[in-house]
Amino acid sequence: MRKYWTICLLTVACTVGGCTQMGVKQNPSSTFEEVRDQFAAQSSYAFYGRTKLLTANSANANMVNFSGRKDGEAEYMNVKISVPEEKRVQTLALLREGSELYAKQEQGEKWKPVSGDGVALRQEMDNWSPSFCFQQLDEMKKDVRQLPDENPRDDLEAISVTLDSAKLKAWLAAQMQEQAAAGSRIQSAAGPFPGHKPKLKLAMQLSDGDWAGASVRQGGTSIQAKQSQDVKALVDQMDVEAECTIYYNKNTMLPTNMTMSIRSAYDLHDQRVKEHSQVETFLQNYGRAKPVPAPDEGAK
């Protein structure tokens, strides 16, 4: 009789509370950690995505398209940035091997090494890199929630990660300060993409660099004249919030796609600017992605 009641109690506990194979219900934080670790353990994968500016009065709903693949310690990325005021799309290819970064613009060009001062290109790479995104989520997560299963018949489940606003603002300030510091030095016109301005993912409309002052041309070089608005003052009065939804395969615990929703509000030129952007990233071909090009090869 005692054995019978023990079995009944275990059955009721699992029915009410939910059990894994080990008899312990997995909480959302441990789910995130397992998805993170499974993703980090992959030797290769491919990815693609886009960034949309969802602000109502914006005419640029699709700002950035990106795609790429990882193979071992190397990561290749192709970025297409919309420049609506000039009615064109800027294309940029990036290749990272360990701590080394290479860049080029045209398919037939040779890869150009990016120096340690190449802040703009390094930031652009980090903006859309899935591995960097997971690193950010891990460092800045404030809360993790398990989302309702939209279709119990498929293999997908989802968690939502809310990021810490103070840490987001600190990261944005660091990005802007890096850009300002790089802009205060003379930039060689012969370097790869000397005029490139990386997107500020948390505040897209600041990406034109207007806050950092005007550039002055002198003898083939560009010198930053002055910083028109103090970075710390601008970021201190800013409101930023971000939430990332991660969809993952519940059998492999590998992410299939991520959607990061970002809302920000800040004062610029005596106006309160409000933004809502969304970064969608899709992951595929785990263990089957094509090798990335070598620095002495053309883009593939």
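Can you tell me which residues in segment 151-173 are assigned to a loop (DSSP other than H, G, I, E, B) and either under 17 Å from Asn251 (Cβ atoms) or in contact with a Phe, Trp or Tyr (Cβ under 6 Å, 6 or more places away or on another chain) (or both)?
Pass one, segment 151-173, residues assigned to a loop (DSSP other than H, G, I, E, B): 151-155, 164.
Answer for segment 151-173, where residues must be assigned to a loop (DSSP other than H, G, I, E, B) and either under 17 Å from Asn251 (Cβ atoms) or in contact with a Phe, Trp or Tyr (Cβ under 6 Å, 6 or more places away or on another chain) (or both): Asn151, Pro152, Arg153, Asp154, Asp155.
Would you check if there is a residue in segment 56-76 being among the acidic types (Asp, Glu), modelled with pLDDT of 90 or more and in a helix (DSSP H, G or I)?
Looking for residues that are among the acidic types (Asp, Glu), modelled with pLDDT of 90 or more and in a helix (DSSP H, G or I), one finds none in segment 56-76, hence no.
Would you mind telling me which numbered condition in (1) over 22 Å from Met140 (Cβ atoms); (2) at pLDDT below 95 Lys52 fails?
Condition not satisfied by Lys52: (1).
Considering only segment 228-242, I want to know if a residue exists there that is at pLDDT 95 or above, surrounded by 14 or more Cβ atoms within 10 Å (Cβ to Cβ), not in a strand (DSSP E or B) and not polar (S, T, N, Q).
There is no residue in segment 228-242 that is at pLDDT 95 or above, surrounded by 14 or more Cβ atoms within 10 Å (Cβ to Cβ), not in a strand (DSSP E or B) and not polar (S, T, N, Q).
Against the condition closer than 26 Å to Pro293 by Cα and among the hydrophobic types (A, V, I, L, M, F, W, C), how does Phe66 come out, does it pass? Don't jump to the end; show me each part of the working.
Details: closer than 26 Å to Pro293 by Cα: yes; among the hydrophobic types (A, V, I, L, M, F, W, C): yes.
Spelling it out, Phe66 is indeed closer than 26 Å to Pro293 by Cα and among the hydrophobic types (A, V, I, L, M, F, W, C).
Can you confirm whether Ala120 is of a type outside the set (Phe, Trp, Tyr), crowded, with 20+ Cβ neighbours inside 10 Å, assigned to a helix (DSSP H, G or I) and within 19 Å of the chain's Cα centre (by Cα)? Steps first, answer last, please.
On the way: of a type outside the set (Phe, Trp, Tyr): yes; crowded, with 20+ Cβ neighbours inside 10 Å: yes; assigned to a helix (DSSP H, G or I): yes; within 19 Å of the chain's Cα centre (by Cα): yes.
Criteria met by Ala120.
The values are calculated or read from the model by the stated rules, or taken from the named source; none is laboratory data. This one's a predicted model, so the numbers in the text were calculated from it and none came from an experiment. We place every Cβ from the backbone using ideal geometry, glycine too, and count neighbours over all the protein chains shown.
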